[in-house]
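Just so it is clear, none of the values below were taken in a lab; they were calculated from the coordinates. Since this is a predicted model, take the numbers as computed values, not measurements. Here the Cβ is made from the backbone with ideal geometry for all residues, glycine too, and neighbour counts use every protein chain on show.
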Amino acid sequence: MPQVRVILGSKSDLPACEPLRQVLDEFGVEHDFHVSSAHRKPQSTVELAQDAEKDGVQVIIAAAGMAAHLPGVLASHTVLPVIGLPLASGGLGGLDALLAIVQMPPGVPVASVAVGGAKNAALLAVQILALQDSELREKFRAYKQQLAEG
């Protein structure tokens, strides 16, 4: 069962999200990947959010560029934490995606990482999961120690 559900707005986002997959694999976090646009496939996108909890998912990561409605749409249909990953695309280099994610209305929170911050999105998901998983917390602690020793 996946602990983290990763939803991309487009197949073209797969290369930008490869670091995300690598980090989750490194920490042994079960995950699934889906491509589902909030604009082109709204019903299946909503179903991914609504079914996540019963599928065992504990955190959703939503990667999208341009208007980046995907994270907010998902967050409006689940009680699970949603991490928005803004991607650089279009003429604004990801600024539009970042602003769309961080400007959520009160009551529909979406966490955000930097534009193109796939690695940090995965690490934030690991930290959230580690709140209830002492083994994962120790792996993360060791990871942080490695960073400090640099």
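A few remarks follow.
- The order of the peptides 61-72, 84-95 by mean Cβ neighbours within 10 Å, most packed first, is 61-72, 84-95.
- Tail weight of P(r) past 16 Å, computed on alpha-carbon pairs of the range 8-57, percent: 49
- Segment GLN145-LYS11, extension gain: residue separation times 0.36 nm, minus the distance between their alpha carbons: 44.7 nm
- Cβ-Cβ FRET estimate between MET1 and VAL108, R0 fixed at 22 Å, reported to 0.05: 0.25
- Between the listed residues LEU123, PHE33, ALA88, the Cα displaced farthest toward the positive end of the dipole of the range 4-149, a dipole computed from Cβ unit charges relative to the Cα centre, is found at ALA88.
- If you wrap the chain in the convex hull of its Cα atoms and look at it from every side, the mean projected area works out to 8.9 nm².
- Placing a pseudo-label 7 Å from each Cα along the Cα-to-Cβ vector at SER134 and GLN22 gives an inter-label distance of 3.3 nm.
- Using alpha-carbon coordinates, inclination of helix 42-52 to the longest axis of the chain, degrees: 30
- Under the convention that each Lys and Arg Cβ holds +1 and each Asp and Glu Cβ holds -1, the size of the dipole of the range 1-143 around its Cα centre is about 280 debye.
- Value of relative contact order over the chain, rounded to a whole percent, pairs C-alpha under 8 Å and six or more apart: 23
- Positive-end residue of MET104, VAL6, HIS77, charge dipole of the range 4-149 with Cβ unit charges: MET104
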